[in-house]
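Where a number appears in this text, it was derived from the coordinates with a stated rule and is not lab data. Values in this document were obtained by computation on a predicted structure and should not be read as measured data. For neighbour counting, all protein chains shown are included, and Cβ atoms are generated from backbone atoms with ideal geometry for every residue, glycine included.
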Amino acid sequence: MLRGGALALGASRAAKQWTGKLHAMNSTDLRRGFTLVELLVVVAIIALLMGLLLPAVQSAREAARRTQCGNNARQIAIAMLSHHTSMQSFPFGQNYPLRQLGNTQKDRQCWFHELLPFVEQQPLRDGLVAHLATGGSGWWTPNRWVPIPTFMCPSDPASPKAITGGWSESPGGQPENSQGFHGNYAACSGDTANNPNSMADNDPDGIRRSGLFIGSPSPTAPRRLSLDHCRDGASNTLLVGEIVLKADLNPGSQVSGGNSASQQHDNRGRYWNVHFGYSLFSTLHSPNTSVGDRLPWCVADPAAAPCQALAADNVVLSLRSRHPGGGHGALADGAVRFFTDAIDPVAYRGLGSRAGRELPPEP
């Protein structure tokens, strides 16, 4: 009997000890937890740190994108110089005059196409040549919509642009029915409009422009210039520069010609169906100028890509970029520079000309 009571007493004491331990553990756990106020303070600190770090992260990303844009300009310049070494000249600016072209003028190449073999795009070049040989139109070449990273700037939200408005004979809204890949780099045609049509500087075909990339009378007589034409030096003559793209509005719409739907379409940076020098820029105005570009098909974007007029003469595209304060350009010696918006306008205009600012004789 005594033995059973002792066992019961021992079990009771053991139960009390475990109860005390559990109570102590629970008390310890409660003391180790966070209060609601403490949690709110931690969340507020994290939010503050994120707010402070986010601009730095965005700035670092833009710096990386800007570096990539400059590297692309360098790759294009190297390709042009390789073309010069191989062919003893730079590519032609455009193999037709810088004006409205008819449907019978099917070739419509520009410097971009002659550069394809030098940027590891020989199959695309071969496809164009084969398509033209069958009597097809150059602007209907298969795979014309394929983006080429070398000609794209990641800072431009509209790049790559491969979907445009439709034509009278096809629906729009699909790459296969569009005007082809548009790029963020244009070749320099000089320091005036692409196709000036004034009494003082009459050259509506753009075959006497002051830069290294000009118009041609026809594909059978392309105007290719060389370093020998850089009378003010290769380091003082621009090859290529950045431009910004603008997405077409209502890309599923159709047009029948003319510029009745000009507010819906933007042809800046168009390589595969050139007319007025859509892939050529001028140093007439400073980088990122507030003076709008002038061309027949233009969608106004006052913040980054303004349009001053919808017109087929005195067409001009300026160097523009999404980078704060300026844009990249590559010179004929292969050097890449970041030209600030505040650059001296006279010096900048001189860079667009291969021989000063005077109108040169026909090459």
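Quick notes on this structure:
- Selection count where residues are outside any loop (DSSP other than H, G, I, E, B) and closer than 30 Å to residue 265 by Cβ, scope region 306-358: 14
- Residues being buried (at least 24 other Cβ atoms within 10 Å of the Cβ), assigned to a loop (DSSP other than H, G, I, E, B) and of a type in the set (Gly, Ala, Ser) - total across region 181-200: 2
- The single condition among (1) surrounded by fewer than 17 Cβ atoms within 10 Å (Cβ to Cβ); (2) over 14 Å from residue 352 (Cβ atoms) that residue 203 does not satisfy is (1).
- Single residue of region 128-167 satisfying the filter (of a type in the set (Phe, Trp, Tyr) and part of a helix (DSSP H, G or I)) that is farthest from residue 219 (Cα to Cα): 151
- The set of residues from region 70-121 being surrounded by fewer than 18 Cβ atoms within 10 Å (Cβ to Cβ), more than 22 Å from the chain's Cα centre (by Cα) and polar (S, T, N, Q) comprises 82, 85, 86, 88, 100, 103, 104, 105.
- Scope region 86-129; condition of a type in the set (Val, Ile, Thr) and either farther than 13 Å from residue 76 by Cβ or in contact (Cβ under 8 Å) with a residue 60 or more places away in the chain (or both); matching residues: 104, 129
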